[in-house]
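For reference, the structure discussed in these notes is given below.
The numbers here are math on the coordinates, done by the rules we state, and not lab data. Please read all numbers here as calculations on a predicted model, not as lab measurements. Virtual Cβ from ideal backbone geometry, glycine too; neighbours counted across all protein chains shown.
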């Protein structure tokens, strides 16, 4: 096959990204991001269109079918521009840079993102979805292409000046991303302020925050549970748990196959955007695990189990890695895979059973979504049981059987596209989630799955020199890892050690964290998104504000503080606190957009407890101690498991020195700050010390 893809393909046919491969048969002469494309733009004296999206993006599909598959559009685009396609999930650095440019230019953003740039990468025009033909206030793509192409030829300096001004704005934006730490002290004030902002925007009737569209943003809920505990604010915990309850009962939750959809397009959580992303499953699992520890309500443990079941069934590679997500579309239509009619339900369940199921789950003749039905609960099973006048357990059994039968039937449908690339960062989040699920629910299968993913990353996405890579697909690992890859993967490794006490994961977290600080550090306490050995796209950005996933800087700060607590490394504590301090000024401007940073601040403020457990010979006392710790929500408590024969672990942390079982009984040593309490051998004594 020739280098340009030949008669039937373009250059994207040689790529591994599912998103790029979706465009490999377009008549557009797409190039992947790289110097070859920019060299061509300079030789042919053309501007560049950088079109950015991801493989499970509904509107990316729409624009491809309308425009990029169209011969006339392709002819104009190929004549006037050098077109480049970018998978935002593979190259978040490119996406972040040009998304910032789009937001400066238009006041908004989203995907698909289409940015027109000079051959030296300076942006001068940006848009998201562009329709094939003009529609309302939206110009058609061909008109936009012709207008920009003509301006490049007739009044180029206007575009160059615009690109220069915009680039300077991006540089200034990055300069102001972090603040000065001198004289700063960490206090509870930012936590109190963010609680106030959450409280003002909380939807008391429907859960969540603000109006439509509504995103789950589970890391906000994890923060609220911490704020409730620290500040004694029951309302904070109520906001988190009510939001989780509304999500799980709603159309945003897949009641048949489990897992959560990307977001709700309405304020009631009724109508989802149907794509499912790995990071949403991970973060929701973490929040639900926190809620279960806080409340002991099995509603939340069931949520942990269900989301984990979905990931292990549908998003897990046979080698252990986790896939990136599933599309909203199947058979060319959004949501088709997930929708039901009463007739379809009755065909599977029979008339009587189907009638009960349809009544509870809002499956009606008129439909609740484009003539068909999103399965959702307006009331929970207990409320429906009271309405029917039967026992909740009996109704629960009937609905569970119906769900299983409908799931089996649904498996015969054409599935949505699954993005089967494995990303280090998102796997790190899922490793953390499954390790927490294993800890909270005492399920070995979740720990085994988390370990399998971690080992897959270490064996397949780490170069011989130790450098983490970002993406794996079809036997190829590529793209030097970004801050998110290091920070989220280390997050997962820390949780893995807490779940199974395998010291190699703690050792690897320490090693990769040291690499992260070296590769990404800015010398002022904060971290760049891309490493010193990676390409710089106009600017070397720093992300402080959370998006769909938390900011890598926040995860890195939290990791540093927890690793410092486990190892007694005071210098690491100072670096973790400095990372928080440099971010607080920008966080104050977006108080509900920096949740993981404030989780790290909560940890930094302490009290930070490390419980060292030295086991008795048969381990029964250890099990009781761990159970007592794990059934409580203790977000600032970490556990070390002493093992005299584990040379590696004893070298990693001086906290284990002199810690041994007393009189053959499992013994707990509580170390708070720089002081270790007298050892205790009973669960009651340990809990009394923690609560004291």
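Net length available on complete extension from residue 590 to residue 478 is 36.9 nm, with 0.36 nm assigned per residue and the Cα-Cα distance removed. Angle, helix 218-231 long axis vs. longest principal axis of the chain, Cα atoms, 0 to 90°, nearest 10? Between helix and principal axis, roughly 40 degrees. Over the stretch 336-415, Cα pairs under 8 Å with separation of 6+ residues give a relative contact order of 31 percent.
Here the peptides 486-499, 326-339, 220-233 are ranked by packing, the mean other Cβ count within 10 Å, and the order with the highest first is 486-499, 220-233, 326-339. Our compactness index for the stretch 299-357, the C-alpha radius of gyration over the empirical 2.2 N^0.38 Å, is 1.52. Two numbers describe the Cα atoms of the stretch 529-589: Rg and Dmax, which are 13.2, 40 Å. Computed as a quarter of the hull surface, the mean projected area of the alpha carbon convex hull for the stretch 361-406 stands at 3.5 nm². Here the scattering of the stretch 446-594 is modelled by Debye summation over its C-alpha atoms, one equal scatterer each and no solvent; at q = 0.10, 0.11, 0.22 Å⁻¹ the log10 of I(q)/I(0) is -0.35, -0.42, -1.49.
Sorted from longest to shortest, the spans of the Cα atoms of the stretch 80-134 along the three principal axes equal 31, 26, 20 Å.
The angle between the Cα long axis of helix 92-106 and the longest principal axis of the Cα atoms of the chain comes to about 60 degrees, rounded to the nearest 10.
Return the inverse of the average 1/r over all pairs of distinct C-alpha atoms in the stretch 216-298, which is the Kirkwood hydrodynamic radius, in Å to one decimal. Can you show the working numbers first?
Numbers: mean 1/r = 0.0775 Å⁻¹.
Evaluated over the stretch 216-298, this radius sits at 12.9 Å.
As a calculated quantity, the FRET efficiency between residue 319 and residue 536 at R0 = 41 Å, using C-beta atoms, amounts to about 0.80.
How big is the stretch 336-415 by the Kirkwood estimate over distinct Cα pairs, in Å?
One decimal place: 12.9 Å for the Kirkwood radius.
Mean projection of the Cα convex hull over all viewing directions, computed for the stretch 28-117: 5.8 nm².
Averaging 1/r over every pair of different alpha carbons in the stretch 609-691 and inverting the result gives a Kirkwood radius of 12.8 Å. Pairwise Cα separations in the stretch 572-647 fall into 10 Å bins from 0 onward with the following percentages, short to long: 15, 34, 26, 17, 7, 0.
Output the peptides 546-555, 520-529 sorted from most to least packed, where packing is the average of other Cβ atoms within 10 Å over each peptide's residues. Write out the running numbers ahead of the final one.
Working: 546-555: 24.7, 520-529: 19.4.
Order by mean packing, descending: 546-555, 520-529.
A convex hull fitted around the alpha carbon atoms of the stretch 520-676 yields 147 Å³ per residue. Summarised as an ellipsoid, the chain has semi-axes of 42, 34, 23 Å, derived from the eigenvalues of the Cα gyration tensor scaled by 5 and square-rooted, with the largest first. Relative to the longest principal Cα axis of the chain, at what angle does helix 424-441 sit, 0 to 90 degrees, rounded to 10? Between helix and principal axis, roughly 30 degrees. Over the residues of the chain, the helix contribution to mean residue ellipticity at 222 nm works out to -16000 deg cm²/dmol, using -39500 (n - 2.57) for each DSSP H run of at least 4. Our summary of shape: the Cα atoms of the stretch 11-175 have principal axis extents of 37, 37, 33 Å, ordered from largest down, in whole angstrom. Counting Cα-Cα pairs of the stretch 267-307 in 5 Å increments starting at 0 gives whole-percent bin shares of 6, 23, 23, 21, 20, 8, 0. Across all directions, the shadow cast by the convex hull of the stretch 643-692 built on its C-alpha atoms averages 4.0 square nanometres. Each 5 Å bin, from zero up to the one with the longest distance, holds this percent of the alpha carbon pairs of the stretch 121-245: 2, 8, 12, 10, 9, 9, 10, 11, 11, 9, 6, 2, 0, 0.
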